[in-house]
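The values are calculated or read from the model by the stated rules, or taken from the named source; none is laboratory data. Keep in mind the model is a prediction, meaning the values are calculated, not measured. FYI the Cβ positions are ideal-geometry reconstructions off the backbone, even for glycines, and counts take in every protein chain you see. In case anyone asks, the SASA skips ligands and DNA or RNA and just uses the protein heavy atoms, side chains included. Shrake-Rupley method; radii C 1.70, N 1.55, O 1.52, S 1.80 Å.
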2 protein chains.
Amino acid sequence: MLRRMTANRGYHHGDLRRALLAAAVEAIGESGPAALSLRDLARRAGVSHAAPAHHFGDKAGLLTALAVEGFDLLAEALGRAGDDLLEIGVAYVRFAVDHRAHFEVMFAPGLYRADDPEVAAARARAGAALRGGVAARPAGPTVEPGRDALAAWSIVHGFATLRLAGALPPGSGDNPEDGARAVIRRLFE
Amino acid sequence: MLRRMTANRGYHHGDLRRALLAAAVEAIGESGPAALSLRDLARRAGVSHAAPAHHFGDKAGLLTALAVEGFDLLAEALGRAGDDLLEIGVAYVRFAVDHRAHFEVMFAPGLYRADDPEVAAARARAGAALRGGVAARPAGPTVEPGRDALAAWSIVHGFATLRLAGALPPGSGDNPEDGARAVIRRLFE
DNA sequence: ACATTATCTTGTCGTTGGCAAGATATGCTG
DNA sequence: CAGCATATCTTGCCAACGACAAGATAATGT
């Protein structure tokens, strides 16, 4: 089977599912998740307007697949950051900035089926990668793993969300990694 | 002019603008901001499908008005919390939970005209109320107002956002105020 | 080779956002 | 109080969308 992964000009696309997810990332990057249109994705992929339905059922199905992909990418990125909680936090913010489309969908549960078992599994993998850094911290007088993990998650998630929303004051958000580092350090001194 | 504020059965509604904003809060509370439909709001208010356009221009205009209202409500709620930064943070989370519809729109700039001057003014009022608590804190060795305000804002915004997204582990989010208090304290001990 | 299945197309329906043109109420000015 | 200007709401329309049904075409298995 030649040209299995390449764009196929004939009746069959070759890898339409992947092409549609990539087109969705592109479209969301341009206009946000709310303006996403299945017909636009079909046009971008060069197929008919009803082709996406076969792979994802409906719009929520496509966004569900995108959320699963996002949580897996996040788990991978956090895993690559090692055991240092500071670096994990920086990686979290970097993921939000670099994969804005995935991130926006992942935390907008009204847009997809957040109770889907595949979503729950991917979300659990990302959660484990995040909690790993808290467990590796040196024990201190006021350390309480559950609360510390929640505080760390909250502060990086809040920083990332505010930055994506354009709500940060102009000066502080120029370089997301530096800003994240400063804010996270504030949590641990 | 009798029944100025009440629902008017005749050709004119009486206070359609307010009724539409209230209907929007109700509808967003039921199905989220993405599923909002101007025609549905018109039906809820008992007017024709094109009536909303006169007051808000288009859908983004209505959501812009809702964001302005939200930032003003937030500024008021933070002002009522006093000067204690902990209580301001708790009030921020309580606002997000009690006014979920406003909050979700306020921080989804893709849905409305975030550069509208009225939005900018209301946003500035809320920001001033938030920074007031940081300025009132006792000076310490590692206190740096700009960074501290950003850290405090990030942690309460992140906690609120994660809670609204249903991403928090089951046990920790039962009572939002208690959870917020514990997380914010972690920032200042 | 043939049948079965997966993939994609065409056609259609109800809903939505937005615009244009008209109807009706309100207010202002003399 | 008469008459005009304005604000508010309605009806009618169009293009785009999501979803569904039915059919066409390619790939796979036996």
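For (1) touching a Gly at 6+ places or on another chain (Cβ under 6 Å); (2) over 26 Å from B:ARG17 (Cβ atoms), each residue gets a yes or a no:
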{"site": "B:LEU66", "(1), (2)": "no, no"}
{"site": "B:ALA91", "(1), (2)": "no, yes"}
{"site": "B:ALA101", "(1), (2)": "yes, no"}
{"site": "B:VAL105", "(1), (2)": "no, no"}
{"site": "B:ALA108", "(1), (2)": "no, no"}
### Task
Being open to solvent by 20 Å² or more (accessible area, probe 1.4 Å) and without any contact (Cβ under 8 Å) to a residue 24 or more places away in the chain narrows it down to one of A:ASP116, A:ASP84, A:ASP98, so name that one.
A:ASP98
### Query
Can you name the residue in the range B:149-189 that is of a type in the set (D, E, K, R) and not in a helix (DSSP H, G or I) and is also modelled with the highest pLDDT among such residues?
B:ASP174
### Query
With B:GLY14, B:GLY10 as the choices, which residue is modelled with pLDDT under 95, surrounded by 15 or more Cβ atoms within 10 Å (Cβ to Cβ) and within 10 Å of DNA strand D (Cβ to nearest atom)?
B:GLY14
### Task
For the range A:30-39, enumerate the residues that are buried (at least 16 other Cβ atoms within 10 Å of the Cβ) and in a helix (DSSP H, G or I).
A:PRO33, A:ALA34, A:LEU38
### Message
Can you say whether A:LEU85 is away from chain B (no Cβ under 11 Å), at pLDDT below 95 and under 20 Å from B:LEU187 (Cβ atoms), as far as the supplied structure shows?
### Response
yes
### Query
Among the listed residues B:ALA101, B:ALA53, B:ALA27, B:ALA60, which satisfies the condition of being in a helix (DSSP H, G or I), within 16 Å of DNA strand C (Cβ to nearest atom) and over 27 Å from A:PHE107 (Cβ atoms)?
B:ALA53
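Return the only residue of B:GLY110, B:GLY146 being open to solvent by 40 Å² or more (accessible area, probe 1.4 Å) and at pLDDT below 95.
B:GLY146 is the lone residue from the list that is open to solvent by 40 Å² or more (accessible area, probe 1.4 Å) and at pLDDT below 95.
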### Message
Where the second residue is part of a helix (DSSP H, G or I) and open to solvent by 70 Å² or more (accessible area, probe 1.4 Å) and the first is near DNA strand D (Cβ under 7 Å from one of its atoms) and lies in the range B:36-55, which pairs have Cβ atoms under 6 Å and are six or more apart or on separate chains?
### Response
B:HIS49/B:ARG39; B:HIS55/B:ARG17
